[in-house]
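K.L.:
Below is the structure I would like to discuss, written out as structure tokens.
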Amino acid sequence: MPNYQHPPLDTVFQALADPTRRAVLTRLTQGPATVSDLAKPFDMALPSFLQHIKVLEESGLVTSKKQGRVRTCEAQLTRLSEAEEWIAHQRAVWEGRLDRLDAYLRALQSTEKE
């Protein structure tokens with residue numbers, strides 16, 4: 001079984017994998033919104049839409065508060081920053097590997113020319 005160093009990030013990437021959830025998160029970066037307002041652009045039943053909200057909440061990307069019959073959602077961008085840091089680290093690792101490969105291939109080419 002693989003040893004995951006960042007299991008909580010799995011839920012963030014899972015949440016971001018769906019275009020509906022990405023659209024909801026994009027909308028929430030403009031400010032809090034009610035579930036009803038968030039659901040309007042999507043052609044799906046409210047219970048199905050609420051499943052998307054649940055995934056976003058479980059990932060920590062969104063929090064919601066219920067006041068009376070109205071549930072309002074808000075983005076939690078700290079979780080996005082954690083994912084961004086992980087991606088930046090992976091990019092740095094792979095860029096370093098590619099730079100070493102490039103240097104090796106150039107050295108190989110120069111020794112073939114001699």
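K.L.:
Quick check on this structure: which one of 109, 30, 14, 90 is part of a loop (DSSP other than H, G, I, E, B) and not aliphatic (A, V, I, L, M)? Full working, then the answer.
P.N.:
Details: 109 fails: part of a loop (DSSP other than H, G, I, E, B); 14 fails: part of a loop (DSSP other than H, G, I, E, B); 90 fails: part of a loop (DSSP other than H, G, I, E, B).
None of the others qualify; the one that does is 30.
K.L.:
Out of the residues in region 62-73 that are out of contact with any Asp or Glu (no Cβ under 9 Å at 6 or more places or on another chain) and either aromatic (Phe, Trp, Tyr) or farther than 16 Å from residue 39 by Cβ (or both), state the one that is surrounded by the fewest Cβ atoms within 10 Å (Cβ to Cβ).
P.N.:
Checked region 62-73; the qualifying residue surrounded by the fewest Cβ atoms within 10 Å (Cβ to Cβ) is 68.
K.L.:
Does residue 72 fit the bill of being touching a strand residue (DSSP E or B) at 6+ places or on another chain (Cβ under 8 Å) and polar (S, T, N, Q)?
P.N.:
yes
K.L.:
For region 86-106, which positions are under 22 Å from residue 12 (Cα atoms) and basic (Lys, Arg)?
P.N.:
Residue satisfying the conditions is 91 alone.
Okay, residues lined up against (1) in contact with a strand residue (DSSP E or B) (Cβ under 9 Å, 6 or more places away or on another chain); (2) in contact (Cβ under 8 Å) with a residue 24 or more places away in the chain; (3) buried (at least 18 other Cβ atoms within 10 Å of the Cβ):
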{"residue": "8", "(1), (2), (3)": "no, yes, no"}
{"residue": "15", "(1), (2), (3)": "yes, yes, yes"}
{"residue": "20", "(1), (2), (3)": "no, yes, yes"}
{"residue": "32", "(1), (2), (3)": "yes, yes, no"}
{"residue": "36", "(1), (2), (3)": "yes, yes, no"}
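Read-outs: derived from the displayed coordinates by stated rules, not from any lab. It should be emphasised that the depicted structure is a prediction, and the values quoted were computed from it without experimental measurement. Reconstructed Cβ throughout: ideal geometry from the backbone, glycine too, with neighbour counts over all protein chains shown.
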